[in-house]
Amino acid sequence: MRNDSVNKYYRELKALFPLKTYYEIKFLKEFKNSLIEFSGQISNCTYDDLCKEFGTPQEIFLEYMNTEDYENEPKTIWNDQIRKNIIAIVSILLIIGIVIYFLFLSDLKNKVEQSIPYETETTITEY
């Protein structure tokens with residue numbers, strides 16, 4: 001029972017974070033450890049018990065956002081989206097390049113096979 005309520009609380013909190021930077025991941029891990037520790041102290045710990053002790057996931061998220069410096073948050077999200085798009089475009093171009101390269105090699109192989117003579121006629125003439 002306690003694991004279900006801790007997992008539910010943690011999933012809701014984790015879903016609220018737009019980015020998963022190093023500091024956010026560190027905060028979430030430490031907070032999850034606090035949740036597990038608290039649930040270990042109380043038998044049959046419920047979701048409501050966690051909300052009474054720590055606050056709702058939304059309150060925790062808002063408190064975290066207020067304590068952190070998030071002036072550059074929209075810019076960071078924008079940069080993250082640009083980075084993902086660039087990686088996707090480069091990956092697609094790389095795949096297209098590889099396909100074209102293998103088509104070229106296949107065509108080259110066919111031309112080489114066709115240019116190799118399999119049978120030769122030899123005529124011997126006497127003088």
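Only the coordinates and a few stated rules stand behind these numbers; no lab work does. Bear in mind the structure is a predicted one, so any value in this text is a computation, not a measurement. In this analysis, Cβ positions are derived from the backbone assuming ideal geometry, glycine residues included, and neighbour counts consider all displayed protein chains.
Descriptive notes on the structure:
- Among 15, 112, 5 the positive-end extreme of the charge dipole of the chain (Cβ point charges): 5
- In this label model, residue 42 and residue 102 are separated by 5.7 nm, measuring between points 7 Å along each Cα→Cβ vector.
- Given the alternatives (1) 209; (2) 98; (3) 108, volume of the Cα convex hull per residue in Å³ as computed for this entry is given by (1).
- Cross-link reach is defined here as a Cα-Cα straight distance under 16 Å, omitting same-chain residues fewer than 8 places apart; for residue 26 the lysines meeting it are 14.
- Here the relative contact order of the chain, from alpha carbon pairs under 8 Å that lie six or more residues apart, stands at 27 percent.
- log₁₀ of I(q)/I(0) at q = 0.23 Å⁻¹ - the range 1-70, Debye sum with one point per alpha carbon: -1.00
- Each of 127, 10 was scored by other Cβ atoms within 10 Å of its Cβ. Listed from fewest to most, they are 127, 10.
- Of 20/52; 32/84; 29/84; 20/84, those spanning more than 22 Å from alpha-carbon to alpha-carbon: 20/52; 32/84; 29/84
- With helices as the sole contributors, the chain gives -26000 deg cm²/dmol at 222 nm; each DSSP H run of n ≥ 4 counts as -39500 (n - 2.57), and the sum is divided by every residue.
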